[in-house]
Amino acid sequence: MNLDQIIAADSAQIPLYAKRDIALVRGEGNYLFDSDGNRYLDAMSNYGVASLGHAHPAFTAALVDQVGKLTTTHQSFYNDARSQFLEEIARIAPAGVGRSFLSNSGTEAIESALKFARIATGRSGIVAAKRGYHGRTLGALSATAEKKYREPFEGILGQQATHVSFNDLEALEAAVSDETAAIVLEPVQGEGGIHLGDAAWLQRAADLASTYGSILIFDEVQSGFRTGAPFYSVAQGVTPDIIVTAKAIANGLPVGVTLVTDAIADQVPGGAHGSTFGGNPLVSRGGAETLRIMREDDLYGQAARVGSYVIAGIEALGSKKVRAVRGTGLMFGIELKAKAGPTLKALQGRGILALMAGTLVIRFLPPMTWTEQQADELIAVLADILGD
Ligand SMILES: Cc1ncc(COP(=O)(O)O)c(C=O)c1O
């Protein structure tokens, strides 16, 4: 199909997404190719998903093998690929938070976490953060802050939430009470513009949850893996009752993981939640292989090293158009003094695919396979685009 044919067929979809004017048809390592054969540096990994880059040989071989064996098996049967995935998850789960529910997306993982918190506490109140993003299904949307996502659905959202300012200790203390089922926080806000949670604030959330008998849910759907450790919160020394992750964990296959404590797992009655596709052999094999490669190739260390290098390189440009450079590992953003749209377009015109976060921030979520070479390519183009 050529670009015109691809666009014509795509117009049958409900127009929910602001479209970019290229069709991506192929990937190779840290680069993507469009239908006209143009090459792009991947600085977004499909919103933080393609953690191993594209067409990774070992990942591809594992999936081809699995497709030829078995792709679907309901959770009512045991399966070897699923158990391999669970063994890899056990290696990264923090002590005491090792029981999991497998689903197909970030929002489903959040949805299940909210249901489990409801079961464990018998309460319905949610405390979440302003600018927070947790997904678009009705339960997850209760925790998501952004008005434009919530407004059309007010009245039918799963639970009512109080949204407090991020990193504001007093606001958090004032909001949590004995009616709070769950405190739901992104340890690093992604959609909200790349903001790092302070360790003291995250710890206070854990203390408040313990004082009031609430469940602390850390949403590491976007921050998982790419900040230099499997989970940013745990690396900061704070362990919640539930960790939710998705995106990078299976390098592009649809997987959500909800990790909970034994105490929570033991309270969830059989049949209280479930998924036809969750934990199927194909995505489980992909997830197991992704986690194995991240571990054996130390992509955590690489993300930390290359992330520090690229963030320092962008700061060193000293651009007058930049208000702040924020982030850690391969999750970083540039807040501009003017709207970010034209800069995003200019980057694409120069062969680099990045993202926005809000109106002012250019967001970068590259594959964890980036090296200093890709960082240098980005810095060189930014030097031109953000120069005087
Ligand atoms: C922090 C966070 N939570 C939840 C979600 C929802 O994930 P999904 O789009 O896979 O449903 C996202 C997606 O961007 C996210 O960034």
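The values are calculated or read from the model by the stated rules, or taken from the named source; none is laboratory data. A quick note: this is a predicted structure, and the numbers were derived from the prediction, not measured. Backbone-built Cβ (ideal geometry, glycine too); neighbour counts: all protein chains shown.
The residues listed here are L41, L102, L86; of these, the one that is farther than 25 Å from Y232 by Cα and either outside the structural domain of S284 (by TED's automatic domain parsing) or among the hydrophobic types (A, V, I, L, M, F, W, C) (or both) is L41. Just one residue in the set E146, E173, E108 is touching a residue at least 12 places away in the same chain (Cβ under 8 Å), within 16 Å of the ligand (Cβ to nearest atom), among the charged types (D, E, K, R) and in contact with a Lys or Arg (Cβ under 8 Å, 6 or more places away or on another chain); that residue is E146.
Just to be sure before I move on: is F101 away from the ligand (no atom under 13 Å from the Cβ), assigned to a strand (DSSP E or B), more than 16 Å from K247 (Cβ to Cβ) and among the aromatic types (F, W, Y) in the structure I sent? Answer is yes for this residue. The condition of being surrounded by 12 or more Cβ atoms within 10 Å (Cβ to Cβ) and either farther than 27 Å from L382 by Cβ or within 21 Å of the chain's Cα centre (by Cα) (or both) holds for only one of V25, V64, V49, that being V49. The helices (runs of 4 or more DSSP H) found entirely in segment 189-280 that carry 1 or more residues being within 16 Å of the ligand (Cβ to nearest atom) and either in the same structural domain as D42 (by TED's automatic domain parsing) or more than 30 Å from H54 (Cα to Cα) (or both) are 199-212.
Taking (1) assigned to a loop (DSSP other than H, G, I, E, B); (2) in contact with a Leu (Cβ under 9 Å, 6 or more places away or on another chain); (3) more than 16 Å from the ligand (Cβ to nearest atom) in turn, H134 satisfies each apart from (3).
Quick check on this structure: which one of G213, G237, G197, G271 is modelled with pLDDT under 95, surrounded by fewer than 24 Cβ atoms within 10 Å (Cβ to Cβ) and farther than 26 Å from E28 by Cβ? Result of the check over G213, G237, G197, G271: G271.
The one condition from (1) within 27 Å of A354 (Cβ to Cβ); (2) more than 11 Å from the ligand (Cβ to nearest atom); (3) crowded, with 19+ Cβ neighbours inside 10 Å that L185 does not meet is (2).
Per the conditions (1) within 16 Å of the ligand (Cβ to nearest atom); (2) assigned by TED's automatic domain parsing to the domain that holds F33, the sole criterion not satisfied by L52 is (1).
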